[in-house]
Amino acid sequence: YLLEKQVGHVLAALTPQNQLIARVCLHTGLRVGDVVSLRTQDIGLQFTVTEAKTKKRRRVGLPAGLLADIQEQAGEEWAFPGRSEGRHKTRQAVWADVKRAARAFRLPQNVAPHSLRKVYAVELLERYGDIQRVQRALNHSSIETTLIYAMADKLLDAKLKQAKRRKRPA
């Protein structure tokens, strides 16, 4: 999980295309693999995604400004074109860039693109106070899994406090 200030740092240090991918993850809660494999023709203000991991369908929306940013850099086939002709950006490339950005700011936690999904879950729970809504938004089968995501901020806070206590001299 990333704190709000840390999210800003990581986003600022990403390449422009990876920053855009991260913004989509933060806004929709989609996994990075699902975001990079979006087809240009399929995206809009509202659209349906079939998640690669679960094969579940999910309706998502994008604000007009974010959609315009995606369309501005989109390729003919892929919303996030990769370096190779006819291929989309890989989730591994995004992962490496997020890791690099987190190292640049010496963040203490293990940061990866999936951390953005946790930020999305925490923000959704804070906004609506409804864990079932968060569960539906993440397409989780288990409420227990959703709780791990939605409580990520509190788990991180507890870990940081515990680490501070261990560092204090006796």
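The values are calculated or read from the model by the stated rules, or taken from the named source; none is laboratory data. Everything quoted here is computed from the prediction, not taken from an experiment. Neighbour counts are summed over all protein chains in view; Cβ atoms, including those assigned to glycine, are modelled from backbone coordinates with ideal geometry. To get the accessible areas, we keep the full protein, side chains included, count just its heavy atoms, and leave off ligands, DNA and RNA. Shrake-Rupley method; radii C 1.70, N 1.55, O 1.52, S 1.80 Å.
On the basis of being in a helix (DSSP H, G or I) and either touching a Phe, Trp or Tyr at 6+ places or on another chain (Cβ under 8 Å) or hydrophobic (A, V, I, L, M, F, W, C) (or both), does residue 93 make the cut? Working first, answer last.
On the way: in a helix (DSSP H, G or I): yes; either touching a Phe, Trp or Tyr at 6+ places or on another chain (Cβ under 8 Å) or hydrophobic (A, V, I, L, M, F, W, C) (or both): yes.
Yes.
Suppose we keep only residues that are out of contact with any Gly (no Cβ under 8 Å at 6 or more places or on another chain) and not hydrophobic (A, V, I, L, M, F, W, C) within the range 64-78. Which one would you say is least open to solvent (accessible area, probe 1.4 Å)? Steps first, answer last, please.
Our first condition is that a residue be out of contact with any Gly (no Cβ under 8 Å at 6 or more places or on another chain); within the range 64-78, this holds for 64-66, 68-76, 78.
From what is left, the residues that are not hydrophobic (A, V, I, L, M, F, W, C) are 65, 69, 71-73, 75-76.
On the way: 65: 45, 69: 60, 71: 101, 72: 156, 73: 54, 75: 22, 76: 187 Å².
The extreme case among them is 75.
Looking at 107, 124, which is the one that is touching a Lys or Arg at 6+ places or on another chain (Cβ under 9 Å) and among the hydrophobic types (A, V, I, L, M, F, W, C)? So that I can check it myself, show each step before the final result.
Numbers: 107 fails: touching a Lys or Arg at 6+ places or on another chain (Cβ under 9 Å).
None of the others qualify; the one that does is 124.
Being part of a loop (DSSP other than H, G, I, E, B) and open to solvent by less than 30 Å² (accessible area, probe 1.4 Å) is the filter here; which residues of the range 40-63 pass it? Step through it out loud before you land on a result.
Quick first cut of the range 40-63, residues part of a loop (DSSP other than H, G, I, E, B) only: 43-45, 51-56, 62-63.
Within the range 40-63, 43, 44, 51, 62 qualify.
Helices (runs of 4 or more DSSP H) wholly in the range 111-170 with at least 1 residues that are among the β-branched types (Val, Ile, Thr) and without any contact (Cβ under 8 Å) to a residue 60 or more places away in the chain - which ones?
Details: elements: 114-128, 131-138, 143-150, 152-167.
By residue number, 131-138, 143-150.
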